[in-house]
Amino acid sequence: ARIVALPATAARVRDRRRDRSSRASASRPDDGEAPSSPSSSPSPSSSSSSSSSFEVAEPWAPSRRAALLSAASASAVVLPGAPTLAIPSYNVTLAKLDKEARDRRAAQTLAPTPEQAKAATKRIYKGLAAQGEELTQVGGGALSLSPMGIGTWSWGNQFVWGYDESMDPELRSVFNAAVDAGVNLFDTADSYGTGNGLDGRSEVLIGTFLRTCPSKKVDGVNVATKFAAYPWRITRESVVRAARESCERLGKESVELGQLHWSTGNYQPLQERALWGGIADAYDLGLIKAVGLSNYGPKQLRKIHAYMSERGVPIATLQVQYHLLSRFPELNGTRETCDELGIRTIAYSPLALGLLTGKYSTENPPPGLRGFAYKDVLPPLPGLLDCMRAIGRERGKTLPQIAINWCLCKDTTPIPGVKTMRQLEDNLGALGWRLSEGEVAELDAAAEKVGRSTSQNIFQTA
């Protein structure tokens, strides 16, 4: 009831203040009369106006609850629980006001100009050139990618990677150090998050790190996010909405690389067309600067390429699981099709989710789901690891560095996951050199002798 009567109450308060002001003005001494005390001497501000005897030192900032009540009364909205027959509105909430405040603060952060972004890219290029590396242009020159990126599936995922918020400070350090080292590709997804994975925690972290990164190279960073083919995303508009939501979590007006996380061609072909149309619309609207795909095989890849060509939308990249224990892109025509269509291959899980780091065995399997999924690969794995160790000893390199460099030699852009500074420093050691053709052939042969491949993504299409 008090909330409903708020406008009338506010009016009465204004009347009482006006009455007090009038009485104060009537009792004030004339200009020619000496003041009775120093405290009654009028200040410059008070002498300029006779309507009020009060001085305001600074603008009044309402509390969150006061702002909520003001918003409700101004729009004639009655909050739930008020005794009225009016239709209640749940649109005015503290959470909404907080979001609007965050949006205002984000809007105050100036986006880098094209000249600043170009200069940052040049700085990244110079840093990589010192190691003998170069940027790779994709999407008809829309983006320039560093030879290696970073995957951020573990940044926020509890189920597989055991994420906890206490890890955030080190993840921030990893991001800052990677950017300063010249890494300009960070891959994430709207499904990478805590618990059930639907809150986009990974995107939120990257957005925060982007805004606080001290390196001047941060303006040249390319964020690649993926839009999940959830069952409720069955319209083009739903994909566009997903792109907008990712932009909000990242604190960006547009994302450099927007990707379809997987194809529904195997189980819901009608939804597939809506996904294609939606990501093309997001590109046309400027929400994403380039279009990418993930988990598409050569057959489905040619279909979407034909559709995008009709729309005038280039496909920049394709992500597939590609490493020494997953060489199907070489065998099923995926690499050949990408090369033919001018699509850059991004190799995700280049360390086979830790199997190629040498720290797991049949006696010490990976924890959780990974241990169950790869139990058949562990027994024959030592032969491949021994081959990698032999090459590593000759070159002074670690197993992860050998595995990542193998992907580089296959002309792909690997995006290993990184959770710690130690892992980042190890992975950066894969840059600035290349395995010889003979060493690559030796590793290929050792991988074939394993006779087992890691399981493919269940959504991988032909």
Exercise. Determine whether S361 is touching a residue at least 12 places away in the same chain (Cβ under 8 Å), out of contact with any Lys or Arg (no Cβ under 9 Å at 6 or more places or on another chain) and surrounded by fewer than 20 Cβ atoms within 10 Å (Cβ to Cβ).
Key: yes
Quiz item: Residues in region 338-349: is at least one in contact with a Pro (Cβ under 6 Å, 6 or more places away or on another chain), open to solvent by less than 20 Å² (accessible area, probe 1.4 Å), modelled with pLDDT of 95 or more and under 22 Å from S263 (Cβ atoms)?
Solution: yes
Practice problem: Filter region 378-412 down to the residues that are in contact with a strand residue (DSSP E or B) (Cβ under 7 Å, 6 or more places away or on another chain) and assigned to a helix (DSSP H, G or I), then identify the one that is most open to solvent (accessible area, probe 1.4 Å). | Solution: L408
Self-check item: Selection status of A462, open to solvent by less than 60 Å² (accessible area, probe 1.4 Å), of a type in the set (G, A, S) and closer than 16 Å to L331 by Cβ
Solution: no
Quiz prompt | Given (1) surrounded by 12 or more Cβ atoms within 10 Å (Cβ to Cβ); (2) modelled with pLDDT of 65 or more, index of the condition G141 fails | solution = (1)
Quiz item: In the set A290, A282, which member is assigned to a helix (DSSP H, G or I), in contact with a Gly (Cβ under 7 Å, 6 or more places away or on another chain), crowded, with 23+ Cβ neighbours inside 10 Å and among the aliphatic types (A, V, I, L, M)?
Solution: A282
Practice problem: Could you list all residues from region 233-275 that are touching a helix residue (DSSP H, G or I) at 6+ places or on another chain (Cβ under 7 Å), open to solvent by less than 10 Å² (accessible area, probe 1.4 Å) and not in a strand (DSSP E or B)? | Solution: S238, V239, A243, S246, L250, S263, T264, L275
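Condition check ((1) over 20 Å from V138 (Cβ atoms); (2) of a type in the set (F, W, Y)) across all residues:
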| position | (1), (2) |
| --- | --- |
| E245 | yes, no |
| E248 | yes, no |
| Y267 | yes, yes |
| N295 | no, no |
| K299 | yes, no |
| Y307 | no, yes |
| R311 | no, no |
Quiz prompt | Selection count, region 163-195, where residues are open to solvent by 40 Å² or more (accessible area, probe 1.4 Å) and touching a residue at least 12 places away in the same chain (Cβ under 8 Å) | solution = 6
Practice problem: Would you mind stating whether T208 is touching a strand residue (DSSP E or B) at 6+ places or on another chain (Cβ under 7 Å) and either on the phi > 0 side of the Ramachandran plot or of a type in the set (V, I, T) (or both)? | Solution: no
Practice problem: Filter region 432-454 for residues that are open to solvent by 30 Å² or more (accessible area, probe 1.4 Å) and acidic (D, E) and give the result. | Solution: E437, E442, E448
Practice problem: Being at pLDDT 95 or above, open to solvent by less than 20 Å² (accessible area, probe 1.4 Å) and part of a helix (DSSP H, G or I) is the filter here, so list the residues in region 300-333 that pass it. | Solution: L301, I304, M308
Quiz item: Being assigned to a helix (DSSP H, G or I), over 26 Å from the mean Cα position of the chain (by Cα) and not acidic (D, E), is that true of even one residue in region 359-370?
Solution: no
Quiz item: Yes or no: D199 at pLDDT below 95, among the acidic types (D, E) and surrounded by fewer than 19 Cβ atoms within 10 Å (Cβ to Cβ)?
Solution: yes
Quiz item: Are any of the residues in region 253-270 over 17 Å from the mean Cα position of the chain (by Cα) and under 26 Å from G207 (Cα atoms)?
Solution: yes
Exercise. Please identify the pairs in which a residue from region 366-386 that is touching a residue at least 24 places away in the same chain (Cβ under 8 Å) and under 22 Å from L443 (Cβ atoms) has its Cβ atom under 6 Å from the Cβ atom of a residue that is open to solvent by 60 Å² or more (accessible area, probe 1.4 Å) and not in a loop (DSSP other than H, G, I, E, B), counting only partners at least 6 apart or on another chain.
Key: G383/K449
Exercise. Working only within region 413-447, note down all residues that are in contact with a Ser or Thr (Cβ under 6 Å, 6 or more places away or on another chain) and assigned to a strand (DSSP E or B).
Key: G417
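The values are calculated or read from the model by the stated rules, or taken from the named source; none is laboratory data. Bear in mind the structure is a predicted one, so any value in this text is a computation, not a measurement. Neighbour counts are summed over all protein chains in view; Cβ atoms, including those assigned to glycine, are modelled from backbone coordinates with ideal geometry. Note: accessible area is taken over every heavy atom of the protein model, side chains too, but ligands, DNA and RNA are not part of it. Shrake-Rupley method; radii C 1.70, N 1.55, O 1.52, S 1.80 Å.
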